[in-house]
Structure formats: structure tokens, C-alpha cells
1. Round to the nearest 0.05 the FRET efficiency obtained for T117 and T64 when R0 = 25 Å and r is the Cβ-Cβ distance.
2. Output the relative contact order of the chain, whole-number percent, from Cα pairs under 8 angstrom with separation of 6+ residues.
3. For a label point 7 angstrom out from the Cα of N252 toward its Cβ, which stretches of the stretch 195-222 have the backbone nitrogen within less than 19 Å?
4. Once the Cα gyration tensor of the stretch 200-247 is diagonalised, what are the square roots of 5 times its eigenvalues, in whole Å and ordered largest first, as equivalent ellipsoid semi-axes?
5. As a test of the formula, what do you get for the chain when each DSSP H run with n ≥ 4 contributes -39,500 (n - 2.57) and the sum is divided by the residue count, at 222 nm and rounded to the nearest 500 deg cm²/dmol?
6. Would you mind computing Rg(Cα) / (2.2 N^0.38 Å) for the chain, counting N as its residues?
7. For the stretch 170-256, taking Cα atoms only, what is the radius of gyration to one decimal and the Dmax to the nearest whole Å?
8. Go through 153-162, 35-44, 92-101 and give me the packing order, highest mean Cβ count within 10 Å leading.
Amino acid sequence: MVRSERRGAVAILRINRPEARNALNAAVFAALNRHLAELRTDDSVRAIVLAGASGVFCAGADITAFDALRADPLIGQRRASGGTLWADLENFPKPVIAAVEGLALGGGLELVLACDTSIVGQGARLGLPEVKLGVIPGGGGTQRLIRALGKPRAMALLLSGDLVTGTEAATLGLVGKVVDDDEVVEQAIALAQRISANSPLAVALAKDAALAAQTGSIAAGLEHEKRNFVYSLASDDSHEGQAAFVAKRSPNFTGR
């Protein structure tokens, strides 16, 4: 259900249900959670690219599973959020980049929103069309879309169920960067490789501090940033970065 590949320090996870346009079901959730748990403790991996197989990112939830979810509201509540998948992506200690080809609908767009940034094809189609099916997003779409776009733009997409192209999504600020459709995955890997060349400790601390900006006041966020800065300054990587800069050589970061 999920293929794992490696490109140096970059892990590429591909949702692999081409017969269902990579729709999310219990098996996909379990596979993604399993891979993320393994990659979390793998020090040789410094960044992750999340993609889909066969030129499609993810068409959303598997609608055929709706009846089973209705039968047990408690199971439905857990499955609606994929267990902890979206929160795990957002809070993952290593950068996660979504490589969006083709469709990113419903739960697929919610995956994109939970990632740190995204590379999206011009012709991709993105949206939260759940209201057209009589339901609402259940994987954080109502919350993260507002944070990404602000209320007016987010509400227009959320309440209409309209889809936007990759180019339109970039204009709205919904995605990180738009590229030619055939360059999406390679561009995402290239960004992940540039990130991987930096101190993994500094990258993790920067991500941690940035996420604090979404959950509290600016004063609390600044205190969080200050603590992480002091911690990074005392690290071996900080000394190595300074020494490499003075010696005009490439740094050898260890993540300590």
C-alpha cells in the first residue's frame, strides 16, 4: 500500500493504490504510520518526500468504507483522523515535503496541509469536496486550511467544494511551489536534499519553533524560539558550522 525508496539521506514514501487513485483506507493509514515510526528513529534519514504512485497523489478517503464507519461511530471518529497520521506528519521531527501530482482531494489535501511544504504540478487538482458528499473534512482540513489561507479564501473552498489547479493553489498560498507536472517528484527530492545538507538538529529545532507559532501567542512563540536557539548554539553542529564557515569548507554535521 505504501512503497518506500531512498535517495541518499532522503526517504520517499509513495502511496500505492493506483486502482483506487491512491485513496486512503485502513491499510494505507497503517502502512504510513509504520513507515513514519521507522523513519523517526533512522538517523540516516534527514528528510522525507511524500508522493503517490502512477501520477496521482491521493484522491481522498475510500468512500466505499463509509458504511462501515457509520456502523460504529467510535471507529468512525478514530478513522476520520487516520488515527494520529495527520498529527504525526505535522509534528514529525524531520521535514516532510509533499510531492503533488494529479489529484489531492479531501484526505489527500489534508495530507498536503499536514506536511511542512509542498511541490505541486501545474495541472494538479486540489480541494476539499466533502460537502458535495454530505460530509465534512475529518483529517484537519477545516483547521489547517484556515491557517494556511485565512478565513475568506479558506471558507470559499471549504463550503463550495471547488477544486483549484496547482497554479491557482500556488497563487492562493495553499502550496509551496508549482512546477511542470513531470518535474514534481524530482523537484521535491532536490529540495529535500538541500535541507538534508544542513544540520539535522538545527532543522528539527527550527521546525519545532515554527510550529509553536500556530498554537500560541507571539510572546510564547518567541520564548520557544529563544530556548531552541540557545540549545542549538551549544550543539556540536553549531561549532562545526562555525569552523567550516571560517575554513571555507563544507560542514560535516552529525545532528548533535
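The values are calculated or read from the model by the stated rules, or taken from the named source; none is laboratory data. Keep in mind that what you see is a predicted model, and the values were worked out from it rather than measured. Heads up, the Cβs are rebuilt from the backbone with ideal geometry, glycines too, and the neighbour counts pull from every protein chain shown. Ligands, DNA and RNA are stripped out before the accessible areas are found, and what is left, the full protein with its side chains, is counted by its heavy atoms. Shrake-Rupley method; radii C 1.70, N 1.55, O 1.52, S 1.80 Å.
1. Numbers: r = 32 Å, r/R0 = 1.27.
About 0.20, to the nearest 0.05.
2. Numbers: 463 pairs, mean separation 41.7, N = 256.
Relative contact order of the chain: 16 percent.
3. Of the residues in the stretch 195-222, 196-202 have backbone N under 19 Å from the label point off N252.
4. Details: eigenvalues 126, 18, 11 Å².
The three semi-axes for the stretch 200-247 are 25, 10, 7 Å.
5. Working: 12 runs with 123 residues, N = 256.
It lands at -14000 deg cm²/dmol.
6. Numbers: Rg = 18.8 Å, N = 256, 2.2 N^0.38 = 18.1 Å.
After normalising by residue count via 2.2 N^0.38 Å, the value is 1.04.
7. When restricted to the Cα atoms of the stretch 170-256, Rg and Dmax are 16.3, 43 Å.
8. Details: 153-162: 15.8, 35-44: 13.2, 92-101: 24.4.
Highest to lowest by the protection proxy: 92-101, 153-162, 35-44.
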